[in-house]
Structures are given as C-alpha cells and as structure tokens.
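Take a look at the structure below.
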Amino acid sequence: MRTPRNRRALALVLAAAACMALTLTAFASGDGEAVSSMYATFWALVPPIVAIGLALITKEAYSSLFIGILVGALFRCNFAPVATLDTIVNDGLVSAIEGNAGIFLFLVLLGIIVALVNASGGSAAFGRWAEKNIKSRVGAMLATFVLGVLIFIDDYFNCLTVGSVMRPVTDSHKISRPKLAYLIDATAAPVCMIAPVSSWAAAVSGVASDLDTGISGIELFIRAIPYNFYSLLTFVFIIAIAAMKFDYGPMKLHEMNAQRKGELGALENIEDDQGSSKGKVMDLVIPVIILFVLCTVGMIYVGGFFGVDAWGGTECAGDFIGAFGNTDAFIGLPWGGLLSLILIVIYLVARRVLSFKEAMACVPKGFIAMVPPITILTLAVSLKSMTSALGADVFVEGVMRGASSFLYAMLPAVIFLVACLLAFASGTSWGTFGILIPIVVSVFDPSSTLLTIGISACLAGAVCGDHCSPISDTTIMASAGAQCDHVTHVSTQLPYAITVAAVSFVTFIIAGFVQNAVICLLVGAALTIGALLVLKNITGKKSA
C-alpha cells in the first residue's frame, strides 16, 4: 500500500511537471526543429534517472515512466509545450508501439498459450508432480535456474517460458514471486550472452563484424565468453544463495512472508485456476516443447536457414549460426508463437481436456494477463527514445574516449562500469554494446588479450545494467513471467545484482593485469562466496 509520504512526493512531481508545461510557452523555439541545448550532455541521462528514482520511491511504474518521458520530451524540444506533446505522442508512444508490434504480438500469443495450459490442468498437474519429485526449496530454485540455462535461444522467450513452467513448482515450495522473478531475470540475459547460438550472440557478432579486428564477429564473441565475469559469477551467486538458504535486503522479507504466512506476492489480478481435472503433466510439457521447437524454427526461417532470406537478402541456407546472426526476433518469435498456438489448441481439443469453446475463452484471458507488461514496455521504449534523441550515447562516448588515455591498465574495469551505467539508464543492453564495442576496438590493439577482455567488460556491463534497470525489456519480461509486481521485482533484485557487479568490477581490475580467464574466474567465484558469507554473518547478527 502506498504511504502518504510517497503519495505526496508523487503529487509534488506531477504538480511541478504541470506547472512547467503551462508556463514554458516563452521558451518555445521558433520555426523549424531546433537542436536541444541539452543534447550530448549529462542532462541526456536525467529523464531515465527521474523515472527510475520515482519508481523506487513511489513503488508505481506507470506514472514514473510517463514523467520520465515528459522530462525527456521537454529537454528534447527546448521546453516548447506543443512540440513536447507532439514528441511524446509521435516520437515516443506511437513509435514504441509500431517498433515493438512483433514482440507485443508474441506476448499476447504466449499469454494465450499460458491460459490454455492452465485451463487444461497441465500447470496444476506439473505442480503436483513437482511437489512429489522436487523435495525442497533448494531443489525448486536450482530446477528453475537449470531450466533458465537450457533455454538460451532468446531472453524474451526464456523469461516467459521459465516463468510459466516453474510457477507451480516454486509456489508449492513457498518461494516468493519476487524470488522467482530474480531467478528468471538472473539467467535470461546472462545465459544468452554466453551462448554462441542465441539472438544476443547474433547481435554482438553483427556489431563486431563491421569493425577492423582481423577476426569474425562470432569468433570475437566466443573468445569473450570466459571473461564475461558478470554473467558467469551470477550463476555462481544463484547456486550459492540457494545452497546457503540465505537472503538479504528486501528479498528477505518477501521470502519470510512466503514461508511463514504463505504470502507469495503474486499479482492480485491473476487468477490461479487449477483447470481441468483431466490434465496431465504432458499437457504442459508438450506445449512447451512445441513452443520451443517452432520458435527456434521461426527464428532460423526468418534468418534464411531454409533458403534466401526474404528480409535482408542474405543467403544463409543450411547455416544455423549464420541464420541466427541474420534473424529478426521481432518477426521470428511471433511466427513460431502463432503456429504453436494453433497446434496447441488442436492438441488440447483432441485430448478432450478442453472443448473448442473453452479454448477460445482463453484468448481474452491471455490478452488481459499481458496488458500490464505491454503497457510498461511501451512506456519504457518511449523513454529510451527520448534518451536517444538527447544524445546520451554521444555523451557517454566522449566520456569513454577521454578516460581511455590515462586509465589504460584499468580500462576493462572502467568499460564495465560505464556499460553498467549506460545500460541501467537507457534500459537496453543491445544499444549499450552497439555504442561501446566500436570504442573498445579503437582503443585496444586487435592482437592483444586486452581487446578480448575489453569486449567482455562491455558485454558484461551491458548485461548488468540491463539486469538492474526497471525500464529494461528483460526485467519487464521477468516480472511478467513470474506474475510479480514490476517495481517489487526491481527493488528486491537490486541488492543481489549490485553484489555481483561489485565483485565483477574487482575481477575486471585483476583481469587487466593478470589476463588469465581461469585464474580470474576462480578469484571472482571465491570473492562472490566470501561476500555472501560476510553478508550472512552481518545479517545474522542484526537478526539476533
């Protein structure tokens, strides 16, 4: 429940924003589109900072994101009120909907599939099976982690699929939804960033392939995997907290409420329907397999695996990795999702666990369930557009190039930190490494190990910032997959992500001098476990 203090803070910000909009006519620019006076300055990062700060203070995402968009549009238009409104509507909201129509469609399709599986009784049957075969909370958390690692094709697909499959398991062991959301989020992007066959690998190799490094983009990506400390140490962190049965920060309260009071923290508007009594485990497993296979086929089809690519004209026939490098997930995922939905309806009706009428009744249920993440995603993408229009990437590039001349030995750690901050503020890891990889390549000798470490630092920082950011697509998808309040998910996972980020920063400092992946990983793993032991000791003393 929102406190009076939070309500007052939000009201003051809204009132201030309204006053600015009403009184800034005098600042309106003349004819033509003026370049913002705040372009490529620190002010370009202020809109996401405002949105993120308000979201954490008020625990409310929609108005916080909109205020961030408003601030960005005011900066972009030099405080001209009419131009600001036009920018919010056309360059922000409308463009966000147009540019993400494919992923919105996939979200709706997946929501319908989840509703079908629930109505068939497949989810409830899987929950009963898991209760018998997964005996402990530790086992349930590790099973969630393992499934997340196995679904490495795409982070969107990972978040929503793992959430749908594992909710009955974690619920039966009284694991809170915020903890489930963290487990989903902490595996989705990190595993995609260390899997050579994934949409993320394709994006990185696409950026790197256009640069003069002397090696292919995918080879550079593979070389960077052992030094991607944030992704790898996040896995160590997950296993360690599960094995140690330890939580801290806001997550500790949610886990205690789940275990002692049965309060899982699920969204209030999501119905927990047990579905048909005829449902069996295979009524969940088979739809998931259908979805996984057809989404993969859709991705490589769009990438040209079965012939000439209709979207880009690139010949990738028979080249699986090449097809992934040439694909468009915003087309491939809906392609596979639509075929999956048709086959799953046919399967469940043929199994007679659902009638055709009952199956069609799941269509609006699935759509309604996905309205909150679609709304947040629309606002988040609009905010990213404002940040990009203000030249945040140009500002960060200038800071990076200025730092490179006198921090060469420690540059991997600096790159990691800058990538974290940029991805956190912009909410996009792909945009972050798209900006920073060309800078990294220009700073380091192409034949040196430091180039590989620098690329890894860039990718690791992008994943870290994306993992922490409330406006990140993956963070939003993780909340949707766990059916958890978005702001609660962000506030509970931040201490965990920051802990791993701090250890990774130290490890990148060491890597800049040692330049040995195995030694650095061992040191990083030891530091991660050591940090958890210290935190457990500190929190134990406070509780005593």
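Only the coordinates and a few stated rules stand behind these numbers; no lab work does. Being a predicted model, the structure only gives us computed values, none of them experimental. For neighbour counting, all protein chains shown are included, and Cβ atoms are generated from backbone atoms with ideal geometry for every residue, glycine included.
For the pair the stretch 493-512 and the stretch 351-389, the centres of their Cα atoms are 34 angstrom apart. Straightening the chain between ALA243 and LEU85 buys 51.7 nm, computed as 0.36 nm per residue apart minus the Cα-Cα spacing.
With a Förster radius of 41 Å applied to the C-beta separation of TYR62 and LYS357, the computed FRET efficiency comes to 0.75.
Computed from the Cβ-Cβ distance with R0 of 25 Å, the FRET efficiency linking MET282 to VAL138 stands at 0.40. Modelled spin labels at ARG128 and ILE49, positioned 7 Å past Cα toward Cβ, are 5.6 nm from each other. Near ARG352: Cβ cut-off under 15 Å, other residues only, Lys/Arg at +1 and Asp/Glu at -1. The net charge is +2.
Within the shell of other residues whose beta carbon sits under 12 angstrom from the beta carbon of LEU532, the net charge comes to +1, with Lys and Arg scored +1 and Asp and Glu -1.
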